[in-house]
1. Heavy atoms only, probe 1.4 Å: what % of the accessible area of segment 109-193 goes to carbon and sulfur, would you let me know?
2. Using a 1.4 Å probe and ignoring any ligands, DNA or RNA, find the accessible area of Val17 and quote it in Å² to the nearest 10.
3. HN-Hα J couplings of segment 179-188 from phi, Karplus 6.51/-1.76/1.60, θ = phi - 60°, integer Hz, Gly and Pro as x?
4. Hey, how many Å between the Cα centroid of segment 171-191 and the Cα centroid of segment 4-64?
5. Pop the C-beta distance of Thr5 and Asn26 into the FRET formula with R0 = 45 Å and round what comes out to the nearest 0.05.
6. Using θ = phi - 60° and the Karplus form 6.51 cos²θ - 1.76 cosθ + 1.60, what ³J(HN,Hα) does each residue of segment 139-154 get, whole Hz, x for Gly and Pro?
7. Counting other C-beta atoms within 10 Å, and keeping those with at most 15, which DSSP coil trypsin sites (Lys or Arg not before Pro) do you find in segment 99-138?
8. If r is the Cβ-Cβ distance from Lys147 to Tyr188 and R0 is 41 Å, what FRET efficiency results, to the nearest 0.05?
Amino acid sequence: MLVDTGAYLKAEDIEAVSAMPMSIRNCPKPVIAMINGVATGAGLSCALACDFRIVEPSSKNDHGFRKYGTLRRQWKYLYSYALSRTRQSRTDDDDRRCYKGEQCVKTGLATVLAEDGKLAETTYALAAKLASKSSTAHAGQKRLIRKYFYGGMENFAKDEGIEMAAASRQPDFTEAVNAFIEKRMPAYNLPHK
């Protein structure tokens, strides 16, 4: 329930939110995220769907659902897992961290660390370099990555919507929303339906 309204999250609405990262992932051209500040929630999901993520040392990557009584948006976890599994093993503690620019690059959550004040310059330089390459080759590479690393994402998004909608009907979700509004940490382990 969205606290006092009596309205619950709907599976189809949650699934619809996944359309943007899926569109980014399905774009045949390289897509670059220029992260100026904090990427969290849906913004982080969109950034991780991009082929390249450029950050500054002060940029932050915050897994926003770490404190809330609902399922995490799994898009960002699937993307971050696929991106970083060759770099280092990930743990549940990674869900609770807010990474700054350099750590984002080390874990694979970002591609390039720009110097302070040179985020736009670095991003546009990469865009120009990519634009000078074969668009046919880019499209083919993205099709392969989509097929072998992200196959089944549409079905996943549908199932995620169902699970998140169900989680929104539990006491932990109401507790999380109230705690957020009251600016306090949530007290979980309430009885579940």
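1. Details: 3250 of 5580 Å².
Roughly 58 percent, rounded to a whole number.
2. Accessible surface of Val17 is approximately 80 Å².
3. Each residue's phi maps through the Karplus curve to give 5, 4, 4, 8, 6, 9, 6, x, 10, 8 Hz.
4. The two parts, judged by their Cα centres, are 24 Å apart.
5. On the way: r = 34 Å, r/R0 = 0.76.
My answer for the efficiency is 0.85.
6. 4, x, 5, 5, 4, 5, 4, 4, 5, 9, 10, 10, x, x, 5, 5
7. For trypsin sites (Lys or Arg not before Pro) across segment 99-138 that sit outside H, G, I, E and B with at most 15 neighbouring Cβ atoms in 10 Å, the list reads Lys118, Lys133.
8. 0.60
The values are calculated or read from the model by the stated rules, or taken from the named source; none is laboratory data. Note that the structure is a prediction, hence the values are computed from the model and not measured. Note that each Cβ is placed from the backbone with ideal geometry, even for glycine, and that neighbours are counted across all protein chains shown. Only protein heavy atoms, including side chains, enter the accessible area calculation; ligands, DNA and RNA are left aside. Shrake-Rupley method; radii C 1.70, N 1.55, O 1.52, S 1.80 Å.
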